[in-house]
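Below: the structure, in structure tokens.
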Amino acid sequence: MQIPIENIYYLLCYAWDQVSYKDKVPVDAEHVSTPLDLLAHLMIQETTLLLKKGIDQHYQEEIREVSGLKGKFLFSQTVKNNLLLHQRTICSYDEFSADILSNRIWIATLKRLLHFKEVNKPLKYKIVALLRMMPPVTPLRITAAHFNEVPFNRNNRFYSFILNICRLIYECSIPTEEEGEYLFMDFTRDEKKMALLFEAFVRNFYKLEQHTYSVSRERIKWQLKAKEDEHRRFLPRMETDISLENEREKIIIDTKYYTQTLTSHYDTDKIYSANLYQLFSYLMNQKDQSGKSLSATGILLYPTIDREYDLEYQYEQRPIRIHTLNLNTHWTQISHRLKEIIRVES
């Protein structure tokens, strides 16, 4: 499924809950033609902005040998190293420094981009120029755990966008046989990654772009009577991708992402049966028997880049609909289509 670069950028902005960036960074630049070039371009643009804004710095504890005294005197270490005779000491003191984890991840990712053969040379030249302007930090070999260790607060929340880009670049990096070189695993061709991205995009779009319904993920309990309470723990977890609800209505949306929108059976297009069973289970196992639960609408939503589908069915009071979202159209049409699907005004 070939999605235009600009639309990939919009998907990322909504999925990361960073919609304010949607119109800040132009993605129609001359050298941006692939998802990796897009990420490199975003790193360049965001690095330029952060350098102008000012890099985040914290007070860090430093333990060093100094002339005289500074901060807290570490007596035992000083004596052990026989420094007093030379009028030197080992002291612990706080120093305002840019050598913090968020900056180390950021700079390590910029350097990693230079080791992808697929990145356009003009983008690499810009990255090299930016690295010359960056403060010295301790080199970092990035791991997945590092991204969860960065503490965010109101003073450094502007780092969240660039660290989301860094995480995606890290997750899509494949080391090659050449020392220090990487290949980029195009996330737009990975159905599992795109399924998560598409789900987060749709959920956050509805949170931000309409005010008719509240939006959440909902845990649904099986409406089954267990012979013994212990038996309940064997039931699989049921959680909706997106639940939209107000005082009168409820809509459950299950997003799916496949290279082919529908499956084929004897040359006839069919809905994926497992998807329909899953949506049906959500509708049949509502937590209460209120009017809006009994008449809840179930929607299966698939992305497509060619043919659109709008299929409608009915089970008792519950409408069941299957819709597609064409990701190969202009963003305004995508936005209009998503609102049309839940029948709210654009």
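Here are the numbers for this structure:
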item: 3J(HN,Hα) from dihedral phi, segment 227-232, Karplus parametrisation 6.51/-1.76/1.60, rounded to Hz, x for glycine, proline; result: 4, 9, 4, 4, 5, 5
item: Calculated FRET efficiency for the pair ALA195/ASN148, C-beta based, R₀ 22 Å, to 0.05; result: 0.50
item: Positive dipole terminus of segment 1-137, leading residue within ILE5, PRO26, LEU110 (C-beta point charges); result: LEU110
item: Whole-Å semi-axes of the ellipsoid equivalent to the chain (Cα gyration tensor, √5λ, descending); result: 49, 27, 19
item: Carbon + sulfur, % of accessible area of the chain - ligands and nucleic acids excluded, 1.4 Å; result: 49 percent
item: Area of ARG157 that stays accessible when all protein chains are in place (1.4 Å probe, Å², to 10); result: 150 Å²
item: Computed lengthening from THR263 to GLU6, 0.36 nm per intervening residue step minus Cα-Cα distance; result: 89.7 nm
item: Rounded Å value of the spacing that divides the Cα centres of segment 150-189 and segment 311-346; result: 33 Å
item: Lysine pairs in segment 206-266 with Cα atoms under 27 Å, if 8 or more residues apart or on separate chains; result: 6
item: Per DSSP, loop GluC sites (Glu not before Pro) in segment 29-115 with at most 12 further Cβ within 10 Å; result: GLU30
item: Protection proxy ranking of 292-298, 321-327, 117-123 - average other beta-carbon atoms within 10 Å, highest first; result: 321-327, 292-298, 117-123
item: Where the chain is the region considered: accessible area per residue in Å², 1.4 Å probe; result: 57 Å²
item: Kyte-Doolittle mean at least 0.5 and Cα axial length at least 20 Å: DSSP H helices in the chain; result: 35-53
item: Rounded to the nearest 20 debye, dipole of segment 25-102 from Cβ charges on Lys, Arg, Asp, Glu; result: 660 debye
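The values are calculated or read from the model by the stated rules, or taken from the named source; none is laboratory data. Bear in mind that the values here come from a model prediction, so they are computed numbers and not experimental data. Note that each Cβ is placed from the backbone with ideal geometry, even for glycine, and that neighbours are counted across all protein chains shown. With ligands, DNA and RNA removed, areas are computed over all heavy atoms of the protein, side chains included. Shrake-Rupley method; radii C 1.70, N 1.55, O 1.52, S 1.80 Å.
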